[in-house]
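Here is the structure we will look at, set down as structure tokens.
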Amino acid sequence: MPIYVIMSKNVTQVLLREWRMAMVSSNKFYTLKGYMLLENNAITSSMEDYLEMIYRIHLSGEVVRINTLAENLNVKPSSATKMVNNLKENGLVSSEKYGYIKLTDSGIELGKYLLFRHDTLHSFLCYVNQSENELEQVEKIEHFLNVQTIENINRLLDKMKSSS
Ligand code: CO
């Protein structure tokens, strides 16, 4: 799967702020345990891509390893190691013995949102374009839409599907 790395600290800072607000106000996401950890940090678009992939592997029930992660993201293991260290510094993952990567509670909450965002956009683009695969566009745009937009697209999608 190709990965489009768009580094934009400011955009991600805004996303994090909105995400935290949504955590508190929405019943869809729980209040994030230990979200204060993230207060003064920002995760980049690239870190979001990694966390989304780690969360996917985690959901599949497999142990998350650097090599699996690098393979899935089409990057070198050394790049994956670097990025996992960034996630670790932000309290989103912790690494265990034998190079396993474990999501923290914060990592699970953010990962869940990132996957929801990805899937929502993918379904939406497939629906409007009557296509099966819109991964390339999703990977490019997903980092730039806020929580409110994603939730509204999700609601719109439900409406469109139930009326068609
Ligand atoms: Co994605």
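Bear in mind that the values in this text are calculations on the coordinates, not laboratory data. From a predicted model like this one, the values you see are computed outputs, not experimental measurements. Cβ coordinates were reconstructed from backbone atoms using ideal geometry, including for glycine residues, and neighbour counts include every protein chain displayed.
Full extension of the chain segment joining Asn67 with Asn129 gains 18.9 nm, where the gain is 0.36 nm per residue of separation less the Cα-Cα distance. Per-peptide packing, taken as the mean over residues of other Cβ atoms within 10 Å, places 61-67, 157-163 in the sequence 61-67, 157-163 from highest down. For GluC sites (Glu not before Pro), the sites in region 106-164 that DSSP calls loop and that have at most 12 other Cβ atoms within 10 Å are Glu132. Summing charges over all other residues whose Cβ lies under 13 Å from the Cβ of Ala80, with Lys and Arg as +1 and Asp and Glu as -1, gives +2.
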